[in-house]
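This report refers to the structure that appears directly beneath it.
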Amino acid sequence: MDDSRRSFIKTSVALATGAIIAPNAYAKKVYNPLKSNSFNTKINTQTVCVFTKCLQYLNYDQLTQTLAKAGYNGADLSVREGGHVQPENVKTDLPRLVKTLQNAGISTPMMVTTIVDAKDKYTETILAVAADMGIEYYRMGYLNYDKTKTIPQNINIWKKSFEQLEKLNRKYGIHGSYQNHSGTRVGGPVWDLYLLVKDLDPQYMGVQYDIRHAICEGGQSWSLGMELLAPWIKSCPIKDFIWQKTENRWKIQDVPLGNGMVDFDAFLRKYKELKIPGPFSIHLEYDLGGADKGSRTPTMSHEKIAHYLKQDIDWFRNKLKEHNLD
């Protein structure tokens with residue numbers, strides 16, 4: 001990228017966001033559930049990332065230009081098979097991607113991985129490189145319940161994996177989080193995540209709290225799960241949905257922000273009340289011609305996808321302002 005082009009991108013970011021946030025400006029005060037009744041009191045809500053899964057059809061320079069023009073000051077990087085960075089290429093490609101984004105004033109505080117095992121051949125390399133590049137948070141892969149075992153037996157098995165990852169995270173000074181997700185996998189009911197993390201240090205291991213999936217599974221009780229997990233929540237995906245009636249059944253349909261069932265006002269009030277730190281990550285999971293599923297050959301035009309990118313962040317920025325979280 002030449003200097004004039006880089007200067008243009010930096011100017012675009014500054015105009016769109018009003019300020020550029022340093023990539024490492026996040027609090028790291030440890031919350032010990034056995035010794036304290038308060039959590040981290042610092043709120044870092046100005047960094048709004050986008051999960052780059054929906055932009056995997058773009059190269060690194062194109063991705064950077066797109067995020068800058070849309071007004072994002074952060075990127076939640078897809079570092080997994082099929083993502084922007086393949087696990088086997090993390091040593092070369094992750095630093096290149098991070099530097100490309102940061103040269104345009106776009107921070108890289110977080111990434112999405114498939115990590116569930118500290119002993120996997122790529123796990124330590126990914127975490128070491130990410131930490132070296134200033135990435136502070138990573139989302140783990142998903143876990144399935146073994147139907148041949150009871151739920152408590154499953155929890156006990158996965159607790160050991162979480163404990164091993166906590167030790168590795170501590171080694172590199174990075175936070176690993178498991179996302180609650182609607183359905184019957186681990187994390188669907190939210191309460192199972194508490195059993196997995198309750199004895200772990202929240203500075204290194206916790207939960208990426210997804211309000212869309214929490215409401216989908218928890219209806220009106222989602223706030224209880226959020227309160228229970230609050231000390232371990234360090235980042236929040238942002239997305240919206242509706243229940244749609246088909247001929248045979250009701251199904252979940254993802255929609256642009258503000259067009260669905262998620263009560264973002266109630267969520268942000270609770271977020272503020274619980275003093276949850278860390279960045280937000282907007283996920284575009286509604287129909288983008290396949291880009292929403294990570295396609296490298298989407299049928300929707302880039303211009304239209306970029307329109308939805310900007311529409312979502314503009315809507316969410318306004319919502320943050322309403323709650324004095326901007």
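Every number here is computed from the coordinates shown, using simple stated rules; none is lab data. All of these numbers come straight from a predicted model, not from anything done at the bench. No Cβ is skipped: glycine too gets one built from the backbone with ideal geometry, and neighbour counts run over all protein chains shown.
What ranking do Glu136, Glu273, Glu124 get, fewest neighbouring Cβ atoms within 10 angstrom at the top?
Numbers: Glu136 23, Glu273 12, Glu124 15.
Exposure proxy ranking, most exposed first: Glu273, Glu124, Glu136.
Take every DSSP beta bridge whose two residues both sit in region 43-322; close to 20 percent of them are antiparallel. The residues Asp201, Asp210, Asp120, when put in order of fewest to most other Cβ atoms within 10 Å, stand as Asp120, Asp201, Asp210.
Within the straight-line cut-off of under 16 Å between alpha carbons, the lysines reachable from Lys234 are Lys28, Lys29, Lys42, Lys198, Lys270, Lys272, Lys275, sequence neighbours fewer than 8 places apart in one chain being disregarded.
For the chain, adding -39500 (n - 2.57) for each run of n ≥ 4 DSSP H residues and dividing by the number of residues yields -12000 deg cm²/dmol at 222 nm. The H on the amide N of Ile238, modeled in the peptide plane, is under 5 Å from the matching H of Ser281, Ile282, His283, each at least 5 residues off or on a different chain.
Can you give the convex hull volume per residue for the Cα atoms of region 43-322, as a whole number of Å³?
On the way: hull volume 37.5 nm³, N = 280.
Residue-normalised Cα hull volume stands at 134 Å³.
Packing, taken as the mean count of other beta carbons within 10 Å per residue, orders the peptides 148-154, 109-115, 173-179 from highest to lowest as 109-115, 173-179, 148-154.
Please give the net charge around Met261, taking every other residue with its beta carbon less than 10 angstrom from that of Met261, where Lys and Arg add +1 and Asp and Glu add -1.
Numbers: positive: Arg212; negative: Asp240, Asp263.
Net charge around Met261: -1.
Along region 195-207 the Karplus relation, 6.51 cos²θ - 1.76 cosθ + 1.60 evaluated at θ = phi - 60°, assigns HN-Hα couplings of 5, 7, 10, 4, 9, 9, 6, x, 6, 10, 8, x, 10 Hz to successive residues, with x for each Gly and Pro. Region 42-109 and region 224-270 have Cα centres spaced 24 Å apart.
Sorting the segments 289-296, 274-281, 306-313 by their mean number of nearby beta carbons within 10 angstrom, highest to lowest, gives 274-281, 306-313, 289-296. By the count of other C-beta atoms within 10 Å, a proxy for reagent exposure, His323, His283 are ordered fewest to most as His323, His283.
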